[in-house]
Structure formats: structure tokens, C-alpha cells
1. Within segment 43-62, restricting attention to residues that are open to solvent by 10 Å² or more (accessible area, probe 1.4 Å) and in contact (Cβ under 8 Å) with a residue 60 or more places away in the chain, which residue is nearest to the ligand (Cβ to nearest atom)?
2. Residue check, Lys75 against (1) within 30 Å of Gln7 (Cβ to Cβ); (2) crowded, with 18+ Cβ neighbours inside 10 Å; (3) away from the ligand (no atom under 16 Å from the Cβ), all met but one. Which one?
3. Does segment 132-153 include one or more residues that are open to solvent by less than 100 Å² (accessible area, probe 1.4 Å) and modelled with pLDDT under 95?
4. Somewhere in segment 51-58, is a residue more than 18 Å from Ile168 (Cα to Cα) and hydrophobic (A, V, I, L, M, F, W, C)?
5. Which one of Leu99, Leu124, Leu70, Leu91 is loosely packed, with under 13 Cβ neighbours inside 10 Å and within 15 Å of the ligand (Cβ to nearest atom)?
6. Exactly one of these conditions fails for Asp157: (1) under 22 Å from Ala26 (Cβ atoms); (2) acidic (Asp, Glu); (3) assigned to a helix (DSSP H, G or I). Give me its number.
7. Among the residues of segment 102-115, which ones are buried (at least 18 other Cβ atoms within 10 Å of the Cβ) and touching an Asp or Glu at 6+ places or on another chain (Cβ under 9 Å)?
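The values are calculated or read from the model by the stated rules, or taken from the named source; none is laboratory data. Note that this is a predicted model, so its numbers are computed, not measured. As a convention, Cβ positions derive from the backbone with ideal geometry for all residues, glycine included, and neighbour counts pool all protein chains shown. Side chains are part of the model used for accessible areas, which takes the heavy atoms of the whole protein and leaves out ligands, DNA and RNA. Shrake-Rupley method; radii C 1.70, N 1.55, O 1.52, S 1.80 Å.
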Amino acid sequence: MINEKLQEAFNDQINKEFYSEYLYLAMKVYFQELNLQGFVNWFDVQVQEERAHAIGMVDYLNNRGGKVELRAIEKPVVEGSTPLEIFEQVLKHEEFVTLRINHVMDVAEEVKDRAAMHLLDWYLKEQVEEEATAGGVLATLRLIGDDKKALLMLDKDLAARTFVAPVIG
Ligand code: FEO
């Protein structure tokens with residue numbers, strides 16, 4: 001069984017992971033409209049990762065005898081209108097997700113659920129990578145500025161990203 005307060009924190013986080021999937025799908029569409037296929041691929045991988053993060057928590061909560069509650073997913077809002085602004089939002093969003101997973105960890109610590117803490121440790125490590133990946137692209141975009149040729153070169157690089165299903169936990 002799982003503590004009710006922790007179950008609530010997991011259900012809230014499941015919703016945030018699905019929202020992340022939805023947000024990155026909206027960003028993928030933005031790049032599809034620009035025909036920047038490398039960026040499209042980057043966001044496609046991101047969409048799959050977020051879904052894996054959400055399902056990982058759904059399965060975990062189930063395995064622990066908890067009650068999964070799937071909630072309405074908010075309409076995603078893409079704030080920026082340039083690739084640079086989009087990646088500023090990606091980094092900001094990942095920092096927010098890290099804060100929220102830290103919150104779930106706080107609850108797990110409070111109710112002394114060591115198994116959940118172990119799982120959340122994986123998610124926190126994943127967040128370090130997520131922030132670094134988004135921050136890396138953002139740094140390159142800052143260097144690129146208005147150079148269209150350099151933007152197309154970055155697009156080529158981003159086409160190489162592949163989705164590897166994570167082994168969660
Ligand atoms: Fe599931 Fe990008 O955090």
C-alpha cells in the first residue's frame with residue numbers, strides 16, 4: 001500500500017508528465033510549420049520520453065496498490081515565437097518539473113517510503129540530464145543568433161537524436 005498523501009503527489013506528477021508530453025507535441029508542431037525536421041525529431045524524442053516518464057509513474061503507483069487518477073491535461077501554451085525563445089521555455093519547464101519531483105521526494109521522505117524514494121532518485125537523475133540537454137541546445141542557439149546557415153547546421157545535428165526507452169527505477 002502507499003500513503004495517501006504520497007499517492008496524491010504521484011497523481012499530480014503523472015498529470016505534469018502528460019502535460020510535458022503535450023507541451024512538447026505543441027512545440028514539435030511549431031517546428032513542423034517551419035520545416036526544421038531536425039528540431040521536429042528532437043521534440044518527437046522528447047514527447048516519447050515524457051510519455052515514458054508518465055507511464056513509469058502510472059505503473060509504479062499501480063504496482064504499489066495505489067489508485068491512479070488520470071486528470072484533465074491543460075492546453076499547452078507555446079510562449080515563444082523563435083527557436084531561441086522556445087528553448088528558453090523548454091529549460092524553464094524542465095526546471096519546474098525538477099522542482100515538482102523534488103516535492104514528491106519531500107513527501108516520500110516525510111512518510112518514510114524508501115521504495116518510492118529510490119524510484120524518485122531515478123527521476124531526479126533524469127531531470128539533471130533533461131536540463132543539461134535543453135540547456136545545451138539553448139546555449140548553441142544563443143551563439144547562433146541570426147545566422148540562418150548555423151541554424152540549419154544545428155537542425156542537422158538534432159536530427160541524429162534517437163529515443164531509447166528508459167529503464168525506470
Ligand atoms: Fe519528464 Fe522532461 O521531465
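1. Glu49
2. (2)
3. No, the conditions are met nowhere in segment 132-153.
4. No, that holds for no residue.
5. Just a single option satisfies the conditions, and that option is Leu99.
6. (1)
7. Listed by number, the residues that qualify are Val104, Met105, Val107.
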